[in-house]
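The values are calculated or read from the model by the stated rules, or taken from the named source; none is laboratory data. Predicted model, so just to flag it, every value in this text is computed and none were measured. Virtual Cβ from ideal backbone geometry, glycine too; neighbours counted across all protein chains shown. Surface areas here come from the heavy atoms of the whole protein model, side chains and all, with no ligands, DNA or RNA. Shrake-Rupley method; radii C 1.70, N 1.55, O 1.52, S 1.80 Å.
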Amino acid sequence: MNKAYKEFVGKIVPKIDACLDHYLESIDCRLVLKRAMLYSIDAGGKRIRPVLTLAIVKSLGVDLDDELVKAASAVELIHTYSLIHDDLPEMDNDDLRRGKPTNHKMFGQAMAVLAGDALLTTSFEWLGQLAIDDSKKLVLIIALSKAAGPLGMINGQVGDIKGENVQYNLEELKKVHYGKTAALLEYSCYCGSLLGNATEQQQTELVEFGKKFGLAFQIYDDILDVVATEEKLGKKVHKDNDENKNTYPQLLGLDGAYDALKQNITEMQKILARLQQLGMDCNLLSGFLDYFKISEG
Ligand code: GRG
């Protein structure tokens, strides 16, 4: 495990957690709504999206402060809303998430929908309130809207639902994975490049890194659904197969899925090498590649 990455995660995740809790606690709304929002926010997520943003900002030589932590954490609200809605009976119908009862199991379906809606809208409020340059704020708000909306995550989810019992080809599957998973991770890298004042060339590479990381992240998620246990994942396994979902193992076989994952990892390593040549210290960012434990295959 990359030491710089481990130390960074150990220090930054508690700050992200505290930021999320502090601002959500301060909202003057019905207590049950606040509890439902905080339940899923505090349910043990890895915070990989804000961590990625902040790792990029730091690697670009900018000191992290509370405002930057808030800027980076806005995407976590959207990620959490997407999981709450994805778990609903009308979508994936899951009872367990991160080893705990899903939001609608705790608060009922109506409150789960509303808690998700509230997290989604609060995310944009946070970005709008940031004490950073107005033009940067606007660019971030548009980028996050695109990543989370019908050009990104929502489109991916529709592709996922419409793909049940329909065989996608690799290009079609990549598009679904891009929307479902990579769009938010790509945004996280874009956000980091903007807040860290990356050059245009660095920004292009960082956005590509996010896209590849996101695709690898979803391929790995597909693989885990086949090879991992419910205990390890904190959610049901083998669901993709049971629901006839389009996944990398279903399309390419398990070995083919591992090969695709390895190819993405190699491409990410090449991007990091190019970023290093562009003057960025990529030691911390290389730690994100350790997330994929391909030896399990
Ligand atoms: C319902 C609008 C709407 C969108 C749902 C993102 C998504 C679209 C559904 C969630 C289920 C899923 C397979 C998402 C793919 C991305 C993924 C692997 C999410 C899990 O992300 P982690 O591992 O979660 O970062 P933690 O628990 O660490 O926060």
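Between Asp66, Asp281, Asp17, which gets the highest mean-square fluctuation from a Gaussian network model of the chain, Cα cutoff 10 Å?
Taking springs between Cα atoms under 10 Å, the residue moving most is Asp66.
Could you tell me the largest-minus-smallest coordinate of the C-alpha atoms of the stretch 1-144 on each of the three principal axes, in descending order and whole angstroms?
Cα spread of the stretch 1-144 along its principal axes, largest to smallest: 45, 39, 25 Å.
Can you tell me the dipole magnitude for the stretch 188-297 around its Cα centre, using point charges on the Cβ only (Lys, Arg +1; Asp, Glu -1), in Debye to the nearest 20?
Numbers: 11 positive and 17 negative charges, 34 e Å.
In debye, rounded to 20, the stretch 188-297 gives about 160.
Under 20 Å from the Cα of Lys136, which lysines turn up, not counting those fewer than eight places away in the same chain?
Straight-line reach from Lys136, under 20 Å: Lys58, Lys70, Lys146.
Explain nothing, just compute: Karplus ³J(HN,Hα) = 6.51 cos²θ - 1.76 cosθ + 1.60, θ = phi - 60°, for every residue of the stretch 135-152 in order, whole Hz, x for Gly and Pro.
5, 5, 4, 4, 4, 5, 4, 5, 5, 5, 4, 5, 5, 8, x, x, 8, x
Give the ranking of Thr181, Thr204 by solvent-accessible surface, highest area first, calculated with a 1.4 Å probe.
Details: Thr181 10, Thr204 90 Å².
Descending order: Thr204, Thr181.
To the nearest 500 deg cm²/dmol, what mean residue ellipticity at 222 nm is calculated for the chain from DSSP H runs of n ≥ 4 alone, each contributing -39,500 (n - 2.57), summed and divided by the residues? Please list the in-between numbers first.
Working: 15 runs with 209 residues, N = 297.
So the helix-based figure for the chain works out to -22500 deg cm²/dmol.
Each residue of the stretch 176-189 in turn: what ³J(HN,Hα) in whole Hz from Karplus with 6.51, -1.76, 1.60 and θ = phi - 60°, glycine and Pro shown as x?
Working through the residues one at a time gives 5, 5, 4, x, 4, 10, 6, 4, 5, 6, 5, 4, 4, 6 Hz.
State the percentage of accessible surface on the stretch 78-178 attributable to carbon and sulfur atoms; use a 1.4 Å probe and exclude ligands, DNA and RNA.
Numbers: 2970 of 5040 Å².
Accessible surface attributable to carbon and sulfur in the stretch 78-178 totals 59 percent.
Have a look at Asn283, Asn165, Asn197 and tell me which one the Gaussian network model of the chain (Cα, springs below 10 Å) gives the largest fluctuation.
Maximum among the listed residues: Asn165.
Would you compute the Debye intensity of the chain from its alpha-carbon atoms alone, equal scatterers and no solvent, and pass along log10 I(q)/I(0) at q = 0.12 Å⁻¹ to two decimals?
Evaluating at q = 0.12 Å⁻¹ gives log10 I(q)/I(0) of -0.78.
Between the stretch 142-166 and the stretch 1-27, what is the C-alpha centre distance in whole Å?
28 Å
Of the options Phe124, Gly149, Leu138, report the single residue whose Cα projects farthest towards the positive end of the charge dipole of the stretch 121-162 (beta-carbon charges: Lys, Arg +1; Asp, Glu -1).
Final value for the positive-end residue is Gly149.
Determine the distance separating the Cα centre of the stretch 185-202 from the Cα centre of the stretch 203-270; give it in Å without decimals.
Between the Cα centre of the stretch 185-202 and that of the stretch 203-270, the gap is 24 Å.
What are the principal axis extents of the Cα atoms in the stretch 161-248, in Å, biggest first?
46, 31, 16
Could you state the accessible area per residue of the stretch 219-258 in Å², with a 1.4 Å probe and every protein chain left in place? If you can, show how the numbers build up before the last one.
Details: 1980 Å² over 40 residues.
That works out to 50 Å² for each residue.
Per-residue HN-Hα couplings for the stretch 81-93, Karplus 6.51 cos²θ - 1.76 cosθ + 1.60 at θ = phi - 60°, whole Hz, x for Gly and Pro?
4, 5, 5, 4, 5, 4, 7, 4, x, 6, 10, 8, 6
Between Ile27 and Ile161, what is 0.36 nm times their sequence separation minus the Cα-Cα distance? Round to one decimal in nm.
Working: separation 134, 0.36 × 134 = 48.24 nm, distance 3.38 nm.
Residue separation times 0.36 nm, minus the Cα-Cα distance, leaves 44.9 nm.
What residue among Glu76, Glu90, Glu208 has the largest mean-square fluctuation in a Gaussian network model of the chain, using Cα springs under 10 Å?
Among Glu76, Glu90, Glu208, the largest GNM mean-square fluctuation belongs to Glu90.
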